[in-house]
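Take a look at this one; I'll ask things after.
Every read-out reported here was derived from the displayed coordinates using simple, explicitly stated rules and does not represent laboratory data. Quantities reported herein were computed from a predicted structural model and do not represent experimental measurements. Positions of Cβ are backbone-derived with ideal geometry, glycine not excepted, and every protein chain shown enters the neighbour counts.
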Amino acid sequence: MSRIVETPAAGSLVLGDQPNARVSGRAERLPADVSVLRARCPSCATLTAVALGDGYQCHTCGNEFAAGLVRVPRAWGAGGEAMAAAASLALPYPEAAVVEEDSLESQSAVLAATLPRPPLVLGGCCCAHVGAIRGLAARHGRLAVVWLDAHGDLNTSETSPSGNAWGMPLRMALDEGSVAARDVALWGARSLDPPERSFMAEHGLDDDLERALAGADAVYVALDLDVLRPGEIDSFMPEPDGPDLAELEGTLRQVVSLGLPIAGLGLTGLRNGADPRRLARLAGSLGL
């Protein structure tokens with residue numbers, strides 16, 4: 001595992017599989033994929049899962065995996081400790097990195113620079129998607145994003161009723177230019193603030209998957225599990241109604257059927273009681 005944490009006193013990064021190695025805290029100076037070449041195998045718990053093209057193979061037990069796991073145990077808002085703790089859920093993917101930074105911008109920069117091929121990002125709150133989208137857009141070119149969430153995540157610091165950054169990450173990714181509104185589908189949103197509805201109307205943002213993926217080079221799936229109806233999985237901020245697990249799996253399979261490469265998947269908005277088997281089912285629906 002390459003554990004990536006900022007050392008506050010030194011302002012540097014430590015690569016966990018190179019305990020004496022330190023590099024600048026500026027994420028863009030990290031060599032491409034330096035921290036994710038080796039990962040901890042979930043089957044035999046050794047640090048011998050090696051990145052081979054798209055995916056990993058464990059040199060000890062021989063198991064192969066379609067994605068590398070990046071844990072992001074942060075929730076940028078008040079009272080989000082349960083979301084941050086959910087980043088420790090046991091998923092059947094090799095753990096390539098843990099990104100745990102003291103600021104959201106630092107988190108996004110480090111995450112963008114250290115994504116496996118492809119990544120399965122486990123939050124934490126939806127702000128983890130900002131760095132993932134930034135990094136994958138740089139890697140793939142024109143990136144489409146399917147954002148599945150009961151909420152819009154389209155507020156700004158000026159429009160947010162709560163001031164919690166986790167209500168703003170899709171807008172952050174759009175405003176910084178990592179993805180264009182024409183390439184985004186917002187699916188399952190049913191708890192929207194008036195400014196979010198106005199933004200969607202102004203920019204033609206809806207849940208049309210075909211529109212969002214048309215002309216893109218790859219697609220990232222940002223999945224906040226509160227998109228599901230309450231009781232389907234233990235999520236941090238459940239909302240009434242919503243799809244069941246089977247309906248969500250069908251939507252993910254539809255994304256695959258549209259033919260774009262799956263650049264990665266992010267799972268956010270969880271609590272520690274979430275069933276990892278259900279999360280693995282959803283990842284499997286994308287071929288990961």
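Please identify the pairs in which a residue from the stretch 52-81 that is over 30 Å from Asn155 (Cβ atoms) and without any contact (Cβ under 8 Å) to a residue 60 or more places away in the chain has its Cβ atom under 8 Å from the Cβ atom of a residue that is among the β-branched types (Val, Ile, Thr) and not in a loop (DSSP other than H, G, I, E, B), counting only partners at least 6 apart or on another chain.
Short answer, once both residue conditions are applied: Gln57/Val50; Cys58/Val50; His59/Val50.
Ok, one more. Select, from Ala39, Ala87, Ala82, the only residue that is of a type outside the set (Ser, Thr, Tyr), in contact with a Pro (Cβ under 7 Å, 6 or more places away or on another chain) and part of a helix (DSSP H, G or I).
Values: Ala39 fails: part of a helix (DSSP H, G or I); Ala82 fails: in contact with a Pro (Cβ under 7 Å, 6 or more places away or on another chain).
Unique residue meeting the criteria: Ala87.
Sticking with this structure for a sec: For the structure I just gave you, tell me whether Ala45 is within 16 Å of the chain's Cα centre (by Cα), surrounded by fewer than 24 Cβ atoms within 10 Å (Cβ to Cβ) and not in a strand (DSSP E or B).
Numbers: within 16 Å of the chain's Cα centre (by Cα): no; surrounded by fewer than 24 Cβ atoms within 10 Å (Cβ to Cβ): yes; not in a strand (DSSP E or B): yes.
Criteria not met by Ala45.
Out of the stretch 257-275, which residues are surrounded by 15 or more Cβ atoms within 10 Å (Cβ to Cβ) and either not in a loop (DSSP other than H, G, I, E, B) or not small (Gly, Ala, Ser) (or both)?
Leu258, Leu260, Ile262, Ala263, Gly264, Leu265, Gly266, Leu267, Thr268, Leu270, Arg271
Within the stretch 172-223, track down each residue that is in contact (Cβ under 8 Å) with a residue 60 or more places away in the chain, more than 25 Å from Asp244 (Cα to Cα) and touching a His at 6+ places or on another chain (Cβ under 7 Å).
Selection gives Asp217, Ala218.
Go through the stretch 241-260 and give me each residue that's in contact (Cβ under 8 Å) with a residue 40 or more places away in the chain and over 14 Å from Leu209 (Cα atoms).
If the condition is that a residue be in contact (Cβ under 8 Å) with a residue 40 or more places away in the chain and over 14 Å from Leu209 (Cα atoms), then Asp241, Gly242, Pro243 are the ones that fit.
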